[in-house]
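As structure tokens, the structure follows; a few thoughts come after it.
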Amino acid sequence: MLDFVKILGLKHRREVAGKSAIFSGEHFVLEETDWYLLNLFRLWWHYGISFLRLQMWVEEVMEKFMRIYKYQAHGYAFSSLEEMLRSLGGDAFVNMTQRSVAESLLEVGVTQRFVDDVIAAVLRSSYGQSVLVPAFAGAMSLAGAQGSTWAVEGGNKLVCSGLLKLTKANVIPARVTGVSLHSSEGRPLYQVHYEGGEGHGSAFYDMVVVTTPLHPSRSNFTFENFEPPIADFPGAFQPSVTSVVHGYLNSSYFGFPDPKLFPFASILTTDTPDLFFNAMDNICPVNISAAFRRKQPQEAAVWRVLSQQPLDKQQLKTLFRSYYSVQVTEWQAYPRYDAAKSLPPIVLHENLFYLSSVEWVASSMEMIAVAAKNVALLAYNRWHQDLDKIDQKDLMHKVKTEL
């Protein structure tokens with residue numbers, strides 16, 4: 001994503017400082033302050049050295065994951081998610097998709113209390129799920145929670161629209177309904193069917209990349225003439241509701257009767273049955289001027305509330321003293337992670353590829369970008385029969401000798 005931003009000449013949005021806290025439904029179990037050393041002391045006081053053990057674990061995973069950028073820079077690609085993971089971190093990375101993040105962290109000495117308070121809060125905020133998500137997805141989420149995330153000035157959507165314009169792609173404004181297999185001179189030919197404002201249509205392609213999730217809860221997509229048949233993959237997606245509320249925060253609910261004293265811009269939550277929201281934060285515009293400042297806590301501000309169900313009026317009244325407007329977006333944002341599920345394939349047919357399978361390893365914009373480049377390299381290498389660039393072993397050694 002950083003490369004895309006540089007290529008398109010976009011800028012990172014200016015960050016606006018704001019403190020975070022973790023809420024249990026009754027009180028804050030952890031509060032951030034303006035002083036870095038005090039924050040470290042509070043973490044040590046409550047959780048011992050669990051924070052350091054977490055940081056070391058995440059850094060080890062990310063250091064190995066970063067190898068993918070070197071591999072792709074040298075044109076290497078992988079035909080399955082398992083091959084990709086093994087090339088980065090061996091069988092340990094594959095196993096991280098089959099065991100929970102809680103189990104992995106407890107194994108390296110992180111305390112149960114730290115998992116219940118901090119890890120659960122981060123995962124509820126990012127994936128809307130519990131500490132039972134697979135360890136690899138959990139590591140990616142926790143890496144993003146350590147302050148390395150950023151946004152694009154003007155909105156992240158500028159990356160997508162800019163790339164479409166840069167590539168001069170021929171965009172057909174229609175919904176793809178399916179793919180049927182044909183052949184031409186001994187090579188597969190794929191007919192893509194779609195429907196739009198002008199009715200039904202189709203076109204033939206040598207290669208096709210499917211980006212829509214092929215799972216029963218998301219897919220109304222068909223494959224014809226394939227043998228063996230291509231069916232939906234097991235699994236489901238996690239419902240997520242985003243409510244953007246312009247109003248006055250009810251700070252009394254969080255233990256601050258005087259709203260002027262409420263210090264937090266972001267509130268995460270523990271996995272408590274009675275809590276009806278996963279997280280909420282005071283959001284900033286996509287364009288931030290030098291003179292911009294956050295609203296004072298007693299002023300009306302724009303808050304984003306993440307929940308698994310739409311908020312009813314009573315729940316809104318619990319969180320806000322009063323409000324001017326509520327905009328609700330309900331969507332299936334991430335896979336409903338289950339450590340027992342196998343990973344979907346990347347290759348569906350000879351030149352038919354599946355991009356969204358990577359979401360079952362971890363779901364983020366960066367993971368999708370990495371997977372997209374892998375599919376592009378894989379398709380190119382297969383088309384030109386450059387098989388030495390696909391699923392190679394000991395890639396770190398090969399890359400070093402090529403430098």
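Based on this model, can you work out whether Ala300 counts as touching a residue at least 40 places away in the same chain (Cβ under 8 Å), closer than 30 Å to Tyr190 by Cα and open to solvent by less than 60 Å² (accessible area, probe 1.4 Å)? Here the answer is no, as Ala300 does not meet what is asked. When the residues of the stretch 277-289 are filtered to those that are part of a loop (DSSP other than H, G, I, E, B) and in contact (Cβ under 8 Å) with a residue 24 or more places away in the chain, the one that is most open to solvent (accessible area, probe 1.4 Å) is Asn287. Exactly one residue out of Tyr324, Tyr334 is modelled with pLDDT of 95 or more, open to solvent by 10 Å² or more (accessible area, probe 1.4 Å) and on the phi < 0 side of the Ramachandran plot, and it is Tyr324. Residues of the stretch 195-209 that are without any contact (Cβ under 8 Å) to a residue 60 or more places away in the chain, open to solvent by 40 Å² or more (accessible area, probe 1.4 Å) and closer than 18 Å to Phe353 by Cβ: Phe204, Tyr205. Between Gly109, Gly154, the distinction of being more than 29 Å from His349 (Cα to Cα), modelled with pLDDT of 95 or more, more than 18 Å from the chain's Cα centre (by Cα) and not aliphatic (A, V, I, L, M) belongs to Gly109 only.
Of the candidates Pro257, Pro344, the single residue that is in a loop (DSSP other than H, G, I, E, B) and either among the aromatic types (Phe, Trp, Tyr) or farther than 30 Å from Pro213 by Cα (or both) is Pro257.
When the stretch 210-245 is filtered for residues that are assigned to a strand (DSSP E or B) and surrounded by fewer than 14 Cβ atoms within 10 Å (Cβ to Cβ), the ones remaining, listed by number, are Thr222, Glu224. When restricted to residues that are closer than 19 Å to Phe221 by Cβ and not in a loop (DSSP other than H, G, I, E, B), the stretch 172-190 contains 12. Looking at the stretch 151-164, is at least one residue open to solvent by less than 10 Å² (accessible area, probe 1.4 Å), touching a residue at least 60 places away in the same chain (Cβ under 8 Å) and touching a Lys or Arg at 6+ places or on another chain (Cβ under 8 Å)? So far as the stretch 151-164 goes, yes, one or more of its residues are open to solvent by less than 10 Å² (accessible area, probe 1.4 Å), touching a residue at least 60 places away in the same chain (Cβ under 8 Å) and touching a Lys or Arg at 6+ places or on another chain (Cβ under 8 Å). Residues that are among the hydrophobic types (A, V, I, L, M, F, W, C) and at pLDDT below 95 were ranked within the stretch 276-299; the one that is nearest to Asn156 (Cα to Cα) is Val286. Under 17 Å from Asp116 (Cα atoms), modelled with pLDDT of 95 or more and out of contact with any Gly (no Cβ under 8 Å at 6 or more places or on another chain): is that true of Leu85 in this structure? In short, no. When Val179 is tested against (1) closer than 19 Å to Leu2 by Cβ; (2) surrounded by 10 or more Cβ atoms within 10 Å (Cβ to Cβ), exactly one condition is not met: (1). Can you confirm whether Gly128 is touching a residue at least 12 places away in the same chain (Cβ under 8 Å) and at positive phi? Taking the combined requirement at face value, the residue satisfies it. Selection over the stretch 76-123 of residues that are hydroxyl-bearing (Ser, Thr, Tyr) and open to solvent by 20 Å² or more (accessible area, probe 1.4 Å) gives a count of 4. The residues in the stretch 295-341 that are under 17 Å from His215 (Cα atoms) and either assigned to a strand (DSSP E or B) or in contact with an Asp or Glu (Cβ under 9 Å, 6 or more places away or on another chain) (or both) can be counted, and the count is 6. For residues in the stretch 69-98 being hydrophobic (A, V, I, L, M, F, W, C) and touching a Ser or Thr at 6+ places or on another chain (Cβ under 8 Å), which is farthest from Gly138 (Cα to Cα)? Among those residues, the one meeting the criterion is Phe78.
The conditions are (1) surrounded by 18 or more Cβ atoms within 10 Å (Cβ to Cβ); (2) assigned to a loop (DSSP other than H, G, I, E, B); (3) of a type in the set (Phe, Trp, Tyr), and Tyr248 fails exactly one of them. Which is it? Result: Tyr248 fails condition (2) only.
Answer yes or no as to whether Met66 is open to solvent by 90 Å² or more (accessible area, probe 1.4 Å) and closer than 30 Å to Lys157 by Cα.
Spelling it out, Met66 is indeed open to solvent by 90 Å² or more (accessible area, probe 1.4 Å) and closer than 30 Å to Lys157 by Cα.
If the condition is being without any contact (Cβ under 8 Å) to a residue 60 or more places away in the chain and in a loop (DSSP other than H, G, I, E, B), then the stretch 1-14 contributes only Gly9.
The values are calculated or read from the model by the stated rules, or taken from the named source; none is laboratory data. Because the structure is predicted, anything quoted here is derived from the model rather than measured. Positions of Cβ are backbone-derived with ideal geometry, glycine not excepted, and every protein chain shown enters the neighbour counts. Surface areas here come from the heavy atoms of the whole protein model, side chains and all, with no ligands, DNA or RNA. Shrake-Rupley method; radii C 1.70, N 1.55, O 1.52, S 1.80 Å.
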